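Data first, discussion second: the structure below is written as structure tokens.
No lab work stands behind these numbers, since they all come straight from the coordinates. Note that the structure is predicted; figures quoted are calculated from it, not measured. Counting neighbours? That spans all protein chains shown, and the Cβs are built from the backbone with ideal geometry, glycine included.
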Amino acid sequence: MDPRHVTIYILTMSMSLPDSHDPIYNIGSGKEIELLTVYRKIAEMLGRKPEPVFQPDRLGELYGYSLSYAKANRDLGWQPRTCLDEGLQRILIHKGLLPNNCDPNQ
């Protein structure tokens, strides 16, 4: 996922909502995922050996993340259309960390 696409879409849609509306939205798949899983996927995509450094848990530490997109779907008609692996790959390409092998003319 190119973060600009989501940002532009959300800004455009939220500008059409009444002023009294709360324009804060979670953008996610609604599926819980551990941060370590995301870390390992990114390391694999970059061809690196994942070597996380673990620290003792802090009070209130989160172990998994799940964002509900129900409000964005209700108000904006938004729903996820990109799987995690594809989204991570697009972000890494956007950041110049992976080559873009797509032909823009196709």
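Here are some notes:
- Approximate spin-label separation ALA70-ASP57, in nm, with each point projected 7 Å along Cα-to-Cβ: 2.6 nm
- At full extension, LYS31 and ARG48 could sit 3.5 nm farther apart than now, given 0.36 nm per residue minus the alpha carbon distance.
- Theoretical FRET efficiency, 1/(1+(r/R0)^6), r = Cβ-Cβ of ILE93 and ARG40, R0 22 Å, to 0.05: 0.70
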